[in-house]
Structures are given as structure tokens and as C-alpha cells.
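Novice: I'd like to ask some things about the structure below.
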Amino acid sequence: MLSVWESTSFHGRPHLAVIGGGIVGLFSALFHKRAHPSHRVVVVERGVYPSGASVKNAGFACFGSPSELLADRAKEGEDAMLLRVEERWRGLQELRQELGDAVIGFEPSGGHEIYRVGDALYPPVSHGFDDLNTALRPIFGRPVFTWRNDLIAHFGSKGVEHLAYTDLEGPIDTGRMMRALLRKVAEAGVEFRPSSLVKRLEDRGTHVELELADGTALAADQVLVATNGYTSALLPDLDVVPARGQVVLTKPVPGLALRGTFHLDEGFYYFREYQGAVLLGGGRNLDVTGETTMEDGVTDGIQTALHALLRDVILPGTPFSIAQRWSGVMGFGTDSKSPLIQRHSERVGVAVRLGGMGVAIGIRVARSAAAMMKA
Ligand SMILES: Cc1cc2nc3c(=O)[nH]c(=O)nc-3n(C[C@H](O)[C@H](O)[C@H](O)COP(=O)(O)OP(=O)(O)OC[C@H]3O[C@@H](n4cnc5c(N)ncnc54)[C@H](O)[C@@H]3O)c2cc1C
């Protein structure tokens, strides 16, 4: 028994329902609402607040380390690698402009890639380094990476022989970024519907029907699926493979000298300072099969590897303890590193498969998704 107020104000059919309130879903809703102020736009989110990778990540505002970019170039060719870097770089500028550096806690403290003694990655990176800077010049207008081995001693790490630096990266505060985005979306008039797990969706030709886990249904003119690593639960025909990433945060370490973002092993490990503590993530490559999951959780094998990295390389000789452990789920393509932005049916679009770079490309993926839904 609905009142007239409920049925007109709360049960009116949205022009657009976005499934998933992460960085992509929220920005897509925002851009659609800006383009169509009179449209009713609803973000349907399973968590009480955004609960995917957008609130679980490491907060690196980055566009790729030298070893990752050179590996991409070797695999896919220079044009594909450059296109991806440009998207990431433009995305970061747009994100910072849209929400503001102070609000998202962006620190322009630089990005570092470290190479340990005997690191097999170093020789090819050293060999391709100048070439990479030359290739990147049209995007950045200047050299991007420099060798800064002088910084190694400053950070107190052990067993590190080489360090490549860029002043163009830095960390953000992911939580503050997502809160600011939620505020912005609400101010624009987008409705956020939390605790609403979508179990099934069906394009019925005239509208799309969403079946929710609480037994209710929601009909919308159009639906955008922005569920990233969780997409196969709704649309199993799409090539989106869940990929869990594990993270640890130490308790504050007195005298910690780390600043900026750090990558090693082609980006499989990454660490940074957060409020005087070390945040370290990675190790997925140690158990790719086990980490191909949508389940939250940490495993002994990967946690042991992260602990060893802290003990032997990042904080050698410094006592530390772990304050928090968590995981997040990314969405990858089987062979592609590109996001999937396409219509799934007449009234259903998808904007998923952000890989490990959604902070950088999320806003641009959302812009394309919103433009696609407008058509
Ligand atoms: C550990 C880790 C570290 C990372 N570090 C970085 C980094 O430093 N820099 C960077 O650029 N990127 C990083 N990433 C990647 C980045 O976080 C993601 O690419 C980005 O957040 C993806 O955003 P999204 O909106 O597509 O997905 P998500 O943030 O995952 O959003 C999907 C949303 O959909 C909701 N949802 C799912 N299924 C349903 C359903 N059936 N019904 C309703 N709601 C649903 C989820 O709760 C979630 O809120 C990292 C990721 C992880 C896991």
C-alpha cells in the first residue's frame, strides 16, 4: 500500500539507474544528470556506502611505472601503450580539477619505481629508459622519468640498487575523494540508493527491470552497469575477470621518511606512506588462481610475502606491527587492459573492467559511459 507521495516521489521510474556506486558509477550518474537536469538518476549500490575497489585501493594517482610501460609496449606496441598513458594522465587532471587537490588530499610528492639488487627488470628498463621518455614527450611536453639513486638512502630501504623517479605522480586520500564525490553527486540531484544488491536485470524493450536482493523490483528507462569486478554475477557473458588485491597498513612508524608512491616488480607491489604508517599492497601474482575471486579476504601466502617485503626492504631493522589488513576486487579482461564501455542491449550499457588504474581513468570512463547512455 503506497501513498501517492511514495509512488510519485520514490517509485517514479528513473530515466537512468546506475548499478554500482564506485568512482565510475558515481561520475557516470553525475555527468548524465548534468547533461539532462530534468532526468531522474538513481545509483543503486549494494553497500551502505560505495563498497568496491573505489574505497579499497591504495590511492595512487599514477599513470604507470617504467617497467610496466615498457612491458606494455613490448606486448601491445607503442601506440596502445601511449594511448593508455594519455587516458590516465588526462583522467588524473580531470579528477583533480573536478574535486580539488585539497579535498582529495593529493600530494605532489612524486612516484618511484625501485629495483632490488639483481632485479631482472632493471636491465631492460635501463636499456629502454631514454626511448620511453622520448615516446612520452608528446603527452607530457618534457621528460617524465629520471634516475634518482640518490634518494634510496633517504627512504631507509635495504637491498634497493636503482630508483626511477617522476615528479608527476603522488598519493591521494581515497576515502576523502569518494566522500567528496558522493557529496557532489547528491548536490547535483542524483539519488543514491544504498543497501540495494541487484540480483538480476532484464531489458524488457520498453524499460529495464532490476530485481533486488530484498525481493523488491525497480524499473528504469535505461540502466548502466558499473559493477567492475563484480560484473560476472550480473552479466556472465562479458569478459570481466574478478581480481582480488590484498593490502596491509602498519601502525605509525616513528621517523618514517617515505614520501610519494612506490612501485616494484612491474607494479605487482606498491607502497606509500599514510599518516606516518606504511600502506603496502600486491602479491596477486603469487596466486593468480586463488585471487581470481569476488570474495573479500586475505591469505597466509600473500600476507607472508607482504610482511617479508616490509621487514627486508621497506622497513629494514625497524620494528613494526600491522594495524589493518583488507582486500578489494578489481576487474580485468582476459587479454585486454582496456575498459569495456559498450551497450549490452538497447537499454543496458556497461562501463567496467578498470584494472588497477580506476583512480586515474575512472572519470574518463564515466564520461564516455554517460555519452553512450545519452544516445
Ligand atoms: C587493492 C587495490 C588497490 C588499488 N590501487 C589503485 C591505485 O592506487 N590507483 C588506481 O588508479 N587504481 C587502483 N586500484 C583500482 C581502482 O580502485 C579501481 O579500478 C576502481 O576503483 C574501479 O572503480 P569502479 O567504480 O569501476 O568499481 P568499484 O569501485 O568496484 O565499484 C563497483 C560498485 O558496484 C557495487 N556493486 C557490485 N555489484 C553490485 C550489485 N549486484 N548490485 C549493486 N551494487 C553492486 C559495489 O559495491 C561497488 O561499490 C586498486 C584496486 C584495488 C582492489
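Novice: Which residue pairs have Cβ atoms under 8 Å apart, sit 6 or more places apart or on different chains, and have a first residue in region 10-22 that is modelled with pLDDT under 95 and a second that is part of a loop (DSSP other than H, G, I, E, B)?
Specialist: Qualifying pairs under 8 Å: H11/L2; G12/R40; R13/R40; R13/H207; R13/D221.
Novice: Can you pull out the residues in region 331-375 that are open to solvent by less than 30 Å² (accessible area, probe 1.4 Å) and outside any helix (DSSP H, G or I)?
Specialist: Within region 331-375, G331, G333, L340, V348, G349, V350, A351, V352, R353, L354, G355, M357 qualify.
Novice: Considering only region 247-259, I want to know if a residue exists there that is open to solvent by 30 Å² or more (accessible area, probe 1.4 Å), closer than 30 Å to V18 by Cα and modelled with pLDDT of 95 or more.
Specialist: No, there is no match, as no residue in region 247-259 is open to solvent by 30 Å² or more (accessible area, probe 1.4 Å), closer than 30 Å to V18 by Cα and modelled with pLDDT of 95 or more.
Novice: May I pose another question? Scan region 128-135 and tell me whether some residue there is out of contact with any Ser or Thr (no Cβ under 7 Å at 6 or more places or on another chain), outside any helix (DSSP H, G or I), among the charged types (D, E, K, R) and surrounded by fewer than 17 Cβ atoms within 10 Å (Cβ to Cβ).
Specialist: Within region 128-135, none of the residues are out of contact with any Ser or Thr (no Cβ under 7 Å at 6 or more places or on another chain), outside any helix (DSSP H, G or I), among the charged types (D, E, K, R) and surrounded by fewer than 17 Cβ atoms within 10 Å (Cβ to Cβ).
Novice: Failed condition for R347, given (1) in contact with a His (Cβ under 8 Å, 6 or more places away or on another chain); (2) closer than 23 Å to V241 by Cβ, with all others met?
Specialist: If we test R347 against (1) in contact with a His (Cβ under 8 Å, 6 or more places away or on another chain); (2) closer than 23 Å to V241 by Cβ, just (2) comes out false.
Novice: Another one. Within region 45-68, track down each residue that is out of contact with any Asp or Glu (no Cβ under 9 Å at 6 or more places or on another chain) and not small (G, A, S).
Specialist: The answer is E45, R46, V48, Y49, P50, V55, N57.
Novice: For region 40-78, give me each residue that is more than 7 Å from the ligand (Cβ to nearest atom), assigned to a loop (DSSP other than H, G, I, E, B), on the phi < 0 side of the Ramachandran plot and crowded, with 19+ Cβ neighbours inside 10 Å.
Specialist: F63, S65, listed by residue number.
Novice: Now a separate question. List pairs: first in region 105-121 and at positive phi, second open to solvent by less than 10 Å² (accessible area, probe 1.4 Å), Cβ under 7 Å, 6+ apart or cross-chain?
Specialist: Here the result reads G105/I172; G110/T166; G110/E169; G110/G170; G110/G260, each pair linking region 105-121 to a residue that is open to solvent by less than 10 Å² (accessible area, probe 1.4 Å).
Novice: Where the second residue is open to solvent by 70 Å² or more (accessible area, probe 1.4 Å) and among the β-branched types (V, I, T) and the first is touching a residue at least 40 places away in the same chain (Cβ under 8 Å) and within 13 Å of L315 (Cα to Cα) and lies in region 144-169, which pairs have Cβ atoms under 8 Å and are six or more apart or on separate chains?
Specialist: Note: pairs meeting the criteria are G159/V117; V160/V117.
Novice: Another question, then. Could you list all residues from region 327-351 that are more than 11 Å from the chain's Cα centre (by Cα) and within 13 Å of the ligand (Cβ to nearest atom)?
Specialist: Matches in region 327-351: S327, F332, G333, K337, S338, P339, L340, I341, V350, A351.
Novice: Can I ask one more? Are any residues in region 301-330 under 30 Å from G20 (Cα atoms) and open to solvent by 60 Å² or more (accessible area, probe 1.4 Å), and if so, which ones?
Specialist: Once the filter is applied, which keeps residues that are under 30 Å from G20 (Cα atoms) and open to solvent by 60 Å² or more (accessible area, probe 1.4 Å), region 301-330 yields Q324, R325.
Novice: Could I ask something else about it? Take the residues in region 203-228 that are within 11 Å of the ligand (Cβ to nearest atom) and open to solvent by 50 Å² or more (accessible area, probe 1.4 Å); name whichever of them is nearest to E295 (Cα to Cα).
Specialist: Restricting to residues being within 11 Å of the ligand (Cβ to nearest atom) and open to solvent by 50 Å² or more (accessible area, probe 1.4 Å), the top hit is A213.
Novice: Something else now. For residues that are under 30 Å from D150 (Cα atoms) and touching a strand residue (DSSP E or B) at 6+ places or on another chain (Cβ under 7 Å), tally how many sit in region 169-203.
Specialist: 4
Novice: Moving on to the next point. Please determine whether any residue of region 152-164 is open to solvent by less than 70 Å² (accessible area, probe 1.4 Å), assigned to a helix (DSSP H, G or I) and closer than 29 Å to Y274 by Cβ.
Specialist: yes
The values are calculated or read from the model by the stated rules, or taken from the named source; none is laboratory data. Everything quoted here is computed from the prediction, not taken from an experiment. Every residue, glycine as well, gets a Cβ built from its backbone with ideal geometry; the counts of neighbours run over all protein chains shown. Accessible surface areas use protein heavy atoms only, side chains included; no ligands, DNA or RNA. Shrake-Rupley method; radii C 1.70, N 1.55, O 1.52, S 1.80 Å.
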